[in-house]
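Every number here is computed from the coordinates shown, using simple stated rules; none is lab data. Small disclaimer: the values here were computed from a predicted structure and weren't measured. Here the Cβ positions follow ideal geometry from the backbone for every residue, glycine too, while neighbour counts run over all protein chains shown.
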Amino acid sequence: MDDLWKDNNNLYKVLCFFITENEKLFDRSDARLYWKTVFHTFSIILHVYITAVASCFELENNPDVEIQSLHTYRAGYITGWNFAFQTIFLTLSLVHDILEWLNKHEYSLASRLRYWRDVIFSGLVVPFTLFVSSMFWCVYAVDRELVFPKAYDDVVPWWFNHCVHTNISVVVLIETLLQARRRPRDFKREITFVIVIDILYAIVYYSIYFFTHRWLYRVFGVMTWWQVCLYQLLIWLSSFVFYFIQFPINRLIHGGDDESEKVSTGIIQPATDIVTTVNTQVGEDETTMNGVKDDENNDVNGVNKGNTDLKIPPFSTKSWSLKYRSIRSQFENSHL
């Protein structure tokens, strides 16, 4: 009876097919690419859906002043900035995955996509995702009214809050497990991104306070000015710490460097090429040194016969015995 059910049930056959194919993926060379593509596709769909849901929130005409301010200053929240960074990164990653499936990942377009994908991830996504998640939930644990008042619950679903403050860290975690980024792709550009966003973010919420006499986040309102300054330093410091710790963590997960990366340009040079280059340079150095030694030997043995004046180099720089040996043949072959 079970055999008859299995033979005639199409759903069972489809299920067995997918299970078999997924088991094969663990033995295939493109298994990592498969899971990266699945992850990036699912994540970008989720991000687009979250963006669409956020655009449908009715905040402007809400009678609650807190919710109205949420609409008025919606562009100033770092949560929205970070969500945009992740959306851009996931889009670039998915396009690059498609190019890999098409065997076009060696083209110049794929190289540029790969460069900006890694720069955006390391310089924007990682530091500010970890900053948003850690700061939000730490303040929320102390007093949620300082960062996410209960009034928001009437218009913002609980799952939406987790999507923009919790799941974003899951995206970083899974991406770190799937993709090795042991070194910065372009350190100068990545650290510039961190500095610019830190300063720009501070300008935004300080400007809102000075022009409207209202803090973007209530947590600033319960602090004195020197506490605000210390908290500001903590914000800046945390983003830099999160940027720098990502690389040793990545090396712990994916192992040490198995290839030499040029950090400033992001160009990866295979180790074999480096060995060849070093050997070539050593060979050239040895040739040059041998040439110098040959020249010195020629000078010593009198081969360089054009220099007969003892007052000019090389004779003027040598001892008298060396000078004599250099011109000995001239005296022996001369006729008085």
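Only counting other Cβ atoms within 10 Å, I'd like E145, E190 sorted with the fewest neighbours first.
Neighbour counts put them in this order, fewest first: E145, E190.
Given the peptides 43-51, 77-85, 128-136, arrange them by the average over their residues of other C-beta atoms within 10 Å, most packed first.
128-136, 77-85, 43-51
Just name one of W81, L92, Q232: the one whose Cα is farthest towards the positive end of the charge dipole of the stretch 2-265 (beta-carbon charges, Lys/Arg +1, Asp/Glu -1).
Q232
Can you sort H162, H96 from fewest to most other Cβ atoms within 10 Å of each residue's own Cβ?
Sorted ascending by nearby Cβ count, the order is H162, H96.
Which of C163, C229 comes first, and how do the rest follow, when ranked by fewest Cβ neighbours within 10 Å?
C229, C163
Tell me whether the stretch 2-265 comes out rounded, prolate or oblate; compute the Cα gyration tensor, take square roots of the eigenvalues as a ≥ b ≥ c, and use a/c under 1.5 as the rounded threshold.
Since a/c reaches 1.5 but b/c is at least a/b, the shape of the stretch 2-265 is classed as oblate.
Determine the distance separating the Cα centre of the stretch 130-156 from the Cα centre of the stretch 62-86; give it in Å without decimals.
One Cα centre to the other: 13 Å.
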